[in-house]
Amino acid sequence: MAAVSCIFSALCYAELAARIPVSGSVYLYAYVAFGEFFAVLFGLNVLVDYHVGAAISVASCASYLRKTLLMMFPSVWLPSTQVFSLALVCMLTGILSVGVENGLKRVNGLLVFSKVIIVLMIIGIGSTKVHAENLSPFFPCGFGPVASMSATCSFSFIGFGTVTNAAEECKNPQRDLPIGITASLLICALLYIIFSLVLVGIIPYTEIDEAAPVEAAFSPQYANIPWVCMLVNWGAVIGLFTTLVTGMYSQARMYLAMARDGLFFSPFGQVSSFGTPFNAQMLCGILAAVLATCLPVQGLVLFLNIGVLFSYTIVCAGVLVLRADHPARAARWAALLTCAAILASTSSTFILQSWWAVSTTLIFALAVALCWIPFFRYNYARPETFACPGCPVLPLLGLTINGYMLSQCHWQAWLRLLGTTVLILGGYAFRLWRVLKAQGDEDNRELTMSLPTVGIAAR
């Protein structure tokens, strides 16, 4: 269910990436579809998620790496997790600064290949220890909890959006980006599904250790293959490192796009001789190092993903707006649809607790249905590059599902979104004031220069 819900957003990403093959991802797509203000608003909110996510990834990766090395060499002294975090960030920043062709492509390809091999090995070994009785009944608590948790599981697929930031490094972005986005999502979904089935087949779901589920499954009490735990730890190190690679890679490309448009400091819009945004990459490395070593980043997990979900929403709406023959109307209806979906999903969480929630849910559900109707009155132009199939139905499904998933975000995530939005609005208003002031000064100078010079004879 989570994979199906994400495929709608992924197809919309693929269309916009093929139509606009330039680094910048959601910032650039929002700029083209909705203008500068929404591009800055959504772009910076996504960057907040990327920065915090990178800090969490590097801290977790360092922790797993130190733990694994201690298991292998218990008598060897190792530095603290913070030192490991700093070393990982410095190494990765250097690799990313060298360039995709020279560094990242080889390293990331090797790591992804190793990660997939480890996952396949665990699946193969674990499948010999599966007990069919653990899989029956397949929905022990009914279908309701499954549908509810699908929103949480969808966060496992958020990496596909980072593929679009490789647009300028692709040889044929109109072809490569759609293939990369959809193929990566489908492969990950298949591996996740098989891995989960094997896991719950080995150990009853009621006895899974949430902190270390795979280690519990292969413990002497169940599969009794302890050495697999070492394999799992190395898989976690590699998986977190590749997540960190894609996160920091995407951050730099978004800063590059914003600096090119004059919305960020101009030095970060420069490209080095390696063909990479060197200054922007260094900034991302510094921020990741500071956050990972100076803050309790594990406590920031609840603040994550709301910016990414809003980026999915803006991408789905962007497809409708760029294709429709009435883009302004389509944009307004897309905003109303998203709000209605969020409110309907939020009120439905109280449906068993109070009578008013039933009527409120029905009202907002009706509003969602009504917001769909205008989109079928517009004509949609088909792009010459990759086109999201089933337009407008698939983008509308993406908008509706993203609205539902936004309603499942923690209240602290909404608080973070509100705080960053206020700061962004303040900064944007200050920028507008400076631009208008500069234009006013320029107009005054032009007026002064155009005034006739009156000479008064002294004689």
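Bear in mind that the values in this text are calculations on the coordinates, not laboratory data. What you see is a predicted model; the values in this text were computed from it and never measured. Note that we place each Cβ from the backbone using ideal geometry, even for glycine, and neighbour counts take in every protein chain shown.
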Contact order normalised by length for region 2-299, with contacts defined as Cα pairs under 8 Å and 6 or more residues apart; what percent is it?
36
With DSSP loop assignment and no more than 16 other C-beta atoms within 10 Å, the chymotrypsin sites (Phe, Trp or Tyr not before Pro) in region 44-121 are TRP77
What longest range of the chain stays clear of loop-exposed GluC sites (Glu not before Pro) (DSSP non-H/G/I/E/B, at most 10 other C-beta within 10 angstrom)?
1-209
The rounded separation in angstrom of the Cα centers of region 1-34 and region 301-343 is 11
Which label in (1) 21, 52, 22, 4, 1, 0; (2) 20, 47, 32, 2; (3) 19, 35, 24, 17, 5, 0 gives the computed P(r) over Cα pairs in 20 Å bins from 0, in percent:
(1)
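Can you give the calculated 222 nm mean residue ellipticity of the chain, where each DSSP H run of n ≥ 4 adds -39,500 (n - 2.57) and the sum is split over every residue, rounded to the nearest 500 deg cm²/dmol?
Calculated from helices alone, the mean residue ellipticity at 222 nm is -24000 deg cm²/dmol.
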Per-peptide average of other Cβ atoms within 10 Å, ordering 248-258, 114-124 highest first
248-258, 114-124
Of ILE208, LEU47, ASN233, which is farthest along the charge dipole of region 2-299 in the positive direction, counting Lys and Arg as +1 and Asp and Glu as -1 at C-beta?
ASN233
